[in-house]
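Here is the structure we will look at, set down as structure tokens.
Please treat every number below as a calculation from the coordinates, not as lab data. None of the values given here were measured: they were computed from a predicted structure. In this analysis, Cβ positions are derived from the backbone assuming ideal geometry, glycine residues included, and neighbour counts consider all displayed protein chains.
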Amino acid sequence: MHCPFCQHEDTRVIDSRLAEDGATVRRRRECPGCGERFNTFETAEIKLPAIVKSDGRREAFDENKLRIGVERSLQKRPVSSDAVDEVVRNILRNLRQVNEREIPSRRIGEWVMDELRRIDSVAYVRFASVYRRFTDVQAFREEIEKLERELPVLEGLQLPLLGEGAPVQRKKS
């Protein structure tokens, strides 16, 4: 590997270890020419299936587009960036396990909704409203009612807005 500082033709590896995600190797390198040290990261390159859009167009999977869509749904919600990373990792894992050359974008959208439903119901409804192109309030109502029917399954995954039996304080007029 060429040195990014002096462009020397070779560098040597002084340390290698697994990165946090376990799927990447972090290598610490040193240049014999200028003595500078730097990190490189090595990951396996896996060909992901092409995405077939609803209009029939095909395009390469774009992890950044996925992350932006998930983050937009979770905007101003109390969800950590680690949870966003986990959602993206889970969807990438699903894509790798499909073993198909092409996959409909609809299936990826369903995976995203499953993940969002699991971590934040408001983000789920936001994403579903855009993804399923809700046209009126009734569509929102139906999706929220469906979510409420599933609530016993989801209960305990999200903190209540007010604690059980917490008194509601009102301003005096």
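List of remarks:
- Rounded to 10°, Cα long-axis angle of helix 137-149 versus longest principal axis of the chain: 80
- Of the residues 105, 52, 84, the one whose Cα sits farthest towards the positive end of the charge dipole of region 50-154 is 52 (charges of +1 on Lys and Arg Cβ, -1 on Asp and Glu Cβ, taken about the Cα centre).
- C-alpha center-to-center spacing [region 23-63, region 97-111] in angstrom: 21
- Computed from point charges on the beta carbon alone (+1 for Lys and Arg, -1 for Asp and Glu), the dipole magnitude for region 50-154 about its Cα centre is near 220 Debye.
- Square roots of 5 times each gyration tensor eigenvalue, C-alpha, the chain, largest first, Å: 43, 25, 14
- Helix 121-131 and the longest principal axis of the C-alpha atoms of the chain enclose an angle of approximately 80°.
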